[in-house]
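Structure, as structure tokens:
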Amino acid sequence: MLEDIPPDRAFTAYQAFVLDCKLYWTRSMFPELRKRYHAAVAAAGSPPRTSAEVAELMKDDTTAQFFGWYERHLQRMKYSGLRGLAVHYDQYRDLIGRALAAEVPDRLLELDPDFKQPEYYTSIDIHQHPGGVWSDEIAGYVYERGAQSTAPMLDKAASLWHRMKEQALSRAGGEVKRVVDLGCGFGGSTQPYYADHPDIDVIGIELSEPCLRLAAQRAAELQARNVRFRQADAIATGLDEGSSDIVTSTMMLHEMPPSHVKGVFKESYRLLKPGGLSIHLDFLVRDDPFKEYVHYGHSRRNNEPFMVPLNKMDIVAAHREAGFDEVEIVPFEEFDGSLSPEMTAWRFPWTMIIARKAA
Ligand SMILES: C[S@@+](CC[C@H](N)C(=O)[O-])C[C@H]1O[C@@H](n2cnc3c(N)ncnc32)[C@H](O)[C@@H]1O
């Protein structure tokens, strides 16, 4: 049982320290960086028009340098430091491996023994996770633990997934019989659909076997009967055309190159019934060179190289190419007040990309 991993005070204290540092970075350093940016703009006399111009303006600013350095190294500590997640759970790999190899009902998990991972996926240690989230049998578990502090201002990662599910269901209108969650990871974004809506048939699609195994375990623990986790690429799910009312993803698009993102929109269109809803939650910055500078810096520092090309993509054109007529690009409120002008702390630029297949 995964719950048998013994508590460890030193590990808990270390991870709490890293999280507190990240909160300090979020709530105190980011507003300070913005203040210094405005001061630099005032001194320069004209505002930068691009993130590259912001980078040039801020390159000798020691707060900006420390901000970036701190972000990179906090993430490194979180996963690979002395009591980092990957290092700590390595000691329990037998226990985790056994727990994940335990039988789950066949209906929950569909692995493909001949599956070949796309090259873009295997060539990066995404978000500084050693070996990525796919190459080690404990990677899904380590990732699940790490996700609890990805967005430090959120009390619980689960509240984000729940809010996203509410957005999708309320926008779908009409009866929803099937939902496909692309890039479902360890099933966090899939769970609100299958756990809260036993009448909906839910399918999670994912590349990573360790993530899929954990997703199926978690569903088995909840005795779910209405979900299936399937190993497939989001651009070629192998599911029937016109079989789904909602196709969704959460934080997947920024982890793939633009050619793949286009493939996802095409696959979303193919999977949807007429009138069905495509809704993808990801990170986009619009018309703010300072926020873009911070976001592009985050992409570099966190080993998330496709964040920048996603932000530069013509999302509307890619949807038209896929068959959709219209697209809405809408900010997503991940917690109450996160979109308020009074919100000065750093946050991810959460954005929903919403399209509907013509009825
Ligand atoms: C940041 S995680 C998000 C996981 C989950 N949706 C969540 O909200 O916790 C992105 C996931 O997308 C998966 N992924 C990346 N490229 C994919 C692809 N081409 N097809 C399916 N899944 C993919 C990764 O393995 C990873 O689990």
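Quick note: the coordinates plus some simple rules give every number you see, no bench work behind them. Since we're looking at a predicted model, the values are computed, not measured. When we count neighbours, we look across all protein chains shown, and the Cβ atoms used for this are built from the backbone with ideal geometry, even at glycine.
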Quick one: 3J(HN,Hα) in Hz for the stretch 342-357, Karplus 6.51/-1.76/1.60 with θ = phi - 60°, rounded, Gly and Pro as x.
6, 6, 9, 6, 5, 8, 5, x, 4, 8, 9, 10, 10, 8, 10, 6
Determine, at each q value in 0.09, 0.10, 0.13 (inverse angstroms), the log₁₀ of I(q)/I(0) that the Debye formula gives when each Cα of the stretch 157-356 is one equal point scatterer.
-0.32, -0.40, -0.68
Output the antiparallel fraction of DSSP beta bridges having both residues in the chain, as a percent to the nearest 5.
35
For the chain, what is the calculated [θ] at 222 nm in deg cm²/dmol (nearest 500), taking -39500 (n - 2.57) for each run of four or more DSSP H residues and dividing by its residue count?
-13500 deg cm²/dmol
Taking the Cα atoms of the stretch 158-252, report the difference between the largest and smallest coordinate on each principal axis, in whole Å and largest first.
35, 29, 25
Relative contact order of the stretch 2-105: what whole-number percent is it, with Cα pairs under 8 angstrom and at least 6 residues apart?
38
Hull surface over four for the Cα convex hull of the chain, reported in nm², is 18.0
If r is the Cβ-Cβ distance from residue 222 to residue 32 and R0 is 45 Å, what FRET efficiency results, to the nearest 0.05?
0.55
Among the DSSP beta bridges whose two residues both lie in the stretch 113-254, what percent are antiparallel, rounded to the nearest 5?
5
The answer for residue 178, listing residues at least 5 apart or on another chain whose modeled amide H is closer than 5 Å to its amide H, is 201, 245, 246
What shape does the stretch 61-219 take by its C-alpha gyration tensor, where a ≥ b ≥ c are the square roots of the eigenvalues and a/c under 1.5 counts as rounded, a/b above b/c as prolate, and the rest as oblate?
oblate
Check which residues have an amide H placed less than 5 Å from residue 129's amide H, if you skip close sequence neighbours.
none
When only Cα pairs under 8 Å and 6 or more residues apart are kept, what is the percent relative contact order across the stretch 157-356?
19
Based only on the alpha carbon positions, what is the Kirkwood hydrodynamic radius of the stretch 252-336, in angstrom?
13.9
Round to a whole angstrom and tell me the spacing of the C-alpha centers of the stretch 209-245 and the stretch 283-359.
26
How big, on average over all directions, is the shadow cast by the Cα convex hull of the stretch 41-122, in nm²?
10.6
Ranked highest first by average number of other Cβ atoms within 10 Å, how do 80-86, 246-252, 337-343 line up?
246-252, 80-86, 337-343
Across 116/262; 177/357; 273/312; 156/273; 156/262; 165/262, pairs whose alpha-carbon gap is larger than 25 Å:
273/312; 156/273; 156/262
Please give, to one decimal in nm, the separation of the simple spin-label points placed at residue 103 and residue 55, each 7 Å out from Cα toward the Cβ.
5.5
Mind ordering 42-50, 253-261 by average Cβ neighbours within 10 Å, highest first?
253-261, 42-50
Among 186, 265, 67, the residue with the largest mean-square fluctuation in a Gaussian network model of the chain built from Cα contacts under 10 Å is 67
Would you please give the residues with an amide H less than 5 Å from that of residue 276, counting only those at least 5 places away or on a separate chain, with H modeled from the backbone geometry?
357
Relative contact order, percent, the chain [alpha-carbon distance under 8 Å, six or more residues apart]:
18
